[in-house]
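Chemist: The following block contains the structure, expressed as structure tokens.
The values are calculated or read from the model by the stated rules, or taken from the named source; none is laboratory data. In this text, all values refer to a predicted model and were calculated from it rather than measured experimentally. FYI the Cβ positions are ideal-geometry reconstructions off the backbone, even for glycines, and counts take in every protein chain you see. With ligands, DNA and RNA removed, areas are computed over all heavy atoms of the protein, side chains included. Shrake-Rupley method; radii C 1.70, N 1.55, O 1.52, S 1.80 Å.
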Amino acid sequence: MVKYYMTDNRKLHEETAVRDGVWIHMVNPDRSEGQMVADLLNVDVEDVLAVLDDEESSRIELEDGYTLIVVDIPAIEIRHEKESYTTVPLGIVLTADTITTVCTEDTPVLQAFINNRVKEFSTKKKLRFVYQILYRITSLYQMNLRTIDKRRTEIEERVGDDTEEVDLIALHQLESTLVYFATSLRANAVVLDRLTRYKRLEQYPEDKELLDDVIVENRQAIEMTTIYRDIINGTRELLSSVIDNRMNSIMKSLTVITLIMAVPTVISGIYGMNVNAEWVPLANTAHGFTIVCGIMAIICVLVLLWLRKKRIL
């Protein structure tokens with residue numbers, strides 16, 4: 001999909017053709033759409049379609065007549081039949097007269113501009129537009145990080161009898177997401193560092209301040225990722241300990257039951273030997289069976305009391 005947008009009087013409207021000051025918005029374009037835009041802008045089609053590769057790394061490339069910026073942005077994917085976070089590349093192609101964004105998904109980062117929810121936004125101020133996009137990206141990272149921490153908190157609140165192995169799997173998925181986020185944020189930080197030395201396009205005084213804000217927010221997102229990873233690691237160890245302790249308690253209970261049941265088993269085994277009845281105690285005594293059963297019960301109770309005294313049970 002390819003659409004053209006332009007701002008007039010701080011309002012964004014759709015255009016029908018490319019002209020100066022236009023924002024070209026491309027979502028999961030095919031080869032023919034990429035070639036069409038590349039011909040219009042006189043740029044390399046491989047740069048236009050670079051972000052169609054999910055493994056494309058964040059970078060800035062200064063080419064003749066245009067600049068390519070690739071950054072990673074958060075996205076949602078279905079993993080194990082549940083929504084999970086990942087990152088996808090977003091490409092920005094800057095020419096002297098236009099700005100082009102390319103992404104495989106219709107990201108909320110750009111939807112905010114299309115829906116006129118961003119103040120002081122103009123497609124004609126291309127470098128400021130880029131910084132505003134980067135600021136929205138870092139804000140989206142932070143929002144997703146808070147959502148991840150909220151999910152971790154929900155799992156942590158179930159620690160105890162409700163703890164299940166599925167919670168460990170969920171924590172592992174959250175930790176994997178944070179690894180993706182940390183890698184992408186650090187790669188984006190390199191791009192932001194290069195932008196501080198970017199001199200090709202005109203920068204307004206407030207543009208540099210906006211870029212500084214983006215760098216600060218990106219650094220904060222990196223710190224949040226590190227902190228949440230450490231917390232999730234601690235929560236995962238706690239859940240593992242709880243599950244292990246629960247298993248140990250079950251094994252201890254089974255051992256106690258086996259020990260107590262061994263008493264009647266031994267006594268009944270002795271009385272079940274094929275020997276002369278005159279040598280078996282209480283064999284010829286009235287109510288002998290009842291007496292033997294009573295003795296077994298008393299011994300079991302004594303063993304049970306001893307185990308409790310030793311705090312084994």
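Chemist: Considering each residue of segment 191-231, count those that are without any contact (Cβ under 8 Å) to a residue 60 or more places away in the chain and in a helix (DSSP H, G or I), and give that number. Reasoning before the result, please.
Modeler: Initial filter on segment 191-231 (without any contact (Cβ under 8 Å) to a residue 60 or more places away in the chain): 192-193, 196-197, 199, 205, 208-209, 212, 215-216, 219, 222-223, 226-227, 229-230.
With in a helix (DSSP H, G or I) added as a condition, the list becomes 192-193, 205, 208-209, 212, 215-216, 219, 222-223, 226-227, 229-230.
Of the residues in segment 191-231, 15 are without any contact (Cβ under 8 Å) to a residue 60 or more places away in the chain and in a helix (DSSP H, G or I).
Chemist: Which residues, taken from segment 72-94, are in contact with a helix residue (DSSP H, G or I) (Cβ under 7 Å, 6 or more places away or on another chain) and either crowded, with 19+ Cβ neighbours inside 10 Å or not in a strand (DSSP E or B) (or both)?
Modeler: D72, I73, P74, Y85, T87, P89, L90, G91, I92, V93, L94
Chemist: Just a yes or no: is a residue in segment 166-189 open to solvent by less than 30 Å² (accessible area, probe 1.4 Å) and in a loop (DSSP other than H, G, I, E, B)?
Modeler: No; the residues of segment 166-189 include none that is open to solvent by less than 30 Å² (accessible area, probe 1.4 Å) and in a loop (DSSP other than H, G, I, E, B).
Chemist: Does R10 fit the bill of being farther than 21 Å from V118 by Cβ and of a type in the set (D, E, K, R)? Walk me through it before giving the result.
Modeler: Details: farther than 21 Å from V118 by Cβ: no; of a type in the set (D, E, K, R): yes.
It is false that R10 is farther than 21 Å from V118 by Cβ and of a type in the set (D, E, K, R).
Chemist: Next question. Please work out if G234 is within 41 Å of the chain's Cα centre (by Cα), part of a helix (DSSP H, G or I), at pLDDT 80 or above and among the small types (G, A, S). Steps first, answer last, please.
Modeler: Working: within 41 Å of the chain's Cα centre (by Cα): yes; part of a helix (DSSP H, G or I): yes; at pLDDT 80 or above: yes; among the small types (G, A, S): yes.
Yes.
Chemist: Just the residues that are open to solvent by 50 Å² or more (accessible area, probe 1.4 Å), touching a residue at least 40 places away in the same chain (Cβ under 8 Å) and part of a helix (DSSP H, G or I), please, taken from segment 12-71.
Modeler: Scanning segment 12-71 gives a single hit, L52.
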